[in-house]
Amino acid sequence: MPKIKLLPQNTLVDVSEDKDLYSELKEKGIHINSTCGGCASCAKCIITVVEGEENLNEIPFEEKQLLGNVFHITKERLACQVKASGPATIDISMHEQTKSKPVIKRRKKEDVSKMIEERKEKRKERPKKLGGGRKPKAFDFREDKES
Ligand code: FES
């Protein structure tokens with residue numbers, strides 16, 4: 001398994017030779033921007049190759065259509081089209097998630113059922129309301145009613 005060094009985190013990641021880098025990093029929980037999901041049409045998954053470009057696959061036609069034939073100048077490739085056969089170093093600093101963006105965390109099903117049970121127990125502990133829920137009648141002050 002080839003090892004890919006990710007910058008600026010400076011971490012090593014093992015990737016398989018037959019899978020593209022975008023899906024490999026996504027599986028490992030590393031964020032790479034994309035709107036097309038890895039089918040080479042959005043050009044948002046651009047990464048910069050720092051070292052080991054000889055260990056990456058050749059640039060396919062779809063990638064050349066999006067980025068042009070300027071890899072020798074920019075050293076940029078589409079992560080969804082890159083397959084590594086040896087060690088390489090890539091820069092993914094442009095894919096860092098902004099901290100202002102809210103992260104939506106969903107609760108696990110077990111946690112939700114636990115919360116529901118806790119609420120039920122709390123409800124049992126509460127004193128029951130008296131009065132049957134009826135509205136009290138207004139007091140009548142008229143004197144003629146007494147006689
Ligand atoms: S993920 Fe859209 S072009 Fe690579």
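The values are calculated or read from the model by the stated rules, or taken from the named source; none is laboratory data. Bear in mind that the values here come from a model prediction, so they are computed numbers and not experimental data. In this analysis, Cβ positions are derived from the backbone assuming ideal geometry, glycine residues included, and neighbour counts consider all displayed protein chains.
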Counting just the residues of region 18-36 that are under 13 Å from the mean Cα position of the chain (by Cα) and near the ligand (Cβ under 9 Å from one of its atoms), which one comes out surrounded by the most Cβ atoms within 10 Å (Cβ to Cβ)?
I32
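Confirm whether A138 is modelled with pLDDT of 80 or more and either within 21 Å of the chain's Cα centre (by Cα) or surrounded by 10 or more Cβ atoms within 10 Å (Cβ to Cβ) (or both). Lay out the reasoning, then the answer.
Details: modelled with pLDDT of 80 or more: yes; either within 21 Å of the chain's Cα centre (by Cα) or surrounded by 10 or more Cβ atoms within 10 Å (Cβ to Cβ) (or both): no.
So A138 fails the test.
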Under 7 Å between Cβ atoms, which residue pairs at least 6 apart in sequence (or on different chains) link something in region 95-111 that is within 25 Å of A79 (Cα to Cα) and surrounded by 10 or more Cβ atoms within 10 Å (Cβ to Cβ) with a partner that is at pLDDT 80 or above and not basic (K, R)?
H95/H31; H95/I32; H95/N33
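Against the condition outside any helix (DSSP H, G or I) and either touching a His at 6+ places or on another chain (Cβ under 7 Å) or at positive phi (or both), how does I32 come out, does it pass?
Values: outside any helix (DSSP H, G or I): yes; either touching a His at 6+ places or on another chain (Cβ under 7 Å) or at positive phi (or both): yes.
Yes, satisfied.
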Across region 65-92, what is the number of residues that are in a loop (DSSP other than H, G, I, E, B), away from the ligand (no atom under 16 Å from the Cβ) and either under 25 Å from the mean Cα position of the chain (by Cα) or on the phi > 0 side of the Ramachandran plot (or both)?
1
Conditions (1) under 17 Å from L7 (Cα atoms); (2) loosely packed, with under 15 Cβ neighbours inside 10 Å; number of the one not met by V82
(2)
Considering every residue within region 10-27, establish whether at least one is closer than 18 Å to E96 by Cα, touching a helix residue (DSSP H, G or I) at 6+ places or on another chain (Cβ under 7 Å), part of a loop (DSSP other than H, G, I, E, B) and not hydrophobic (A, V, I, L, M, F, W, C).
no
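Just give me the residues in region 35-62 being assigned to a helix (DSSP H, G or I), in contact with a strand residue (DSSP E or B) (Cβ under 9 Å, 6 or more places away or on another chain) and more than 22 Å from L7 (Cα to Cα), in sequence order. Break it down stepwise before answering.
Taking region 35-62 first, the residues assigned to a helix (DSSP H, G or I) are 53-55, 61-62.
Right, trim to in contact with a strand residue (DSSP E or B) (Cβ under 9 Å, 6 or more places away or on another chain) and you get 53-55, 62.
The one that is assigned to a helix (DSSP H, G or I), in contact with a strand residue (DSSP E or B) (Cβ under 9 Å, 6 or more places away or on another chain) and more than 22 Å from L7 (Cα to Cα): E62.
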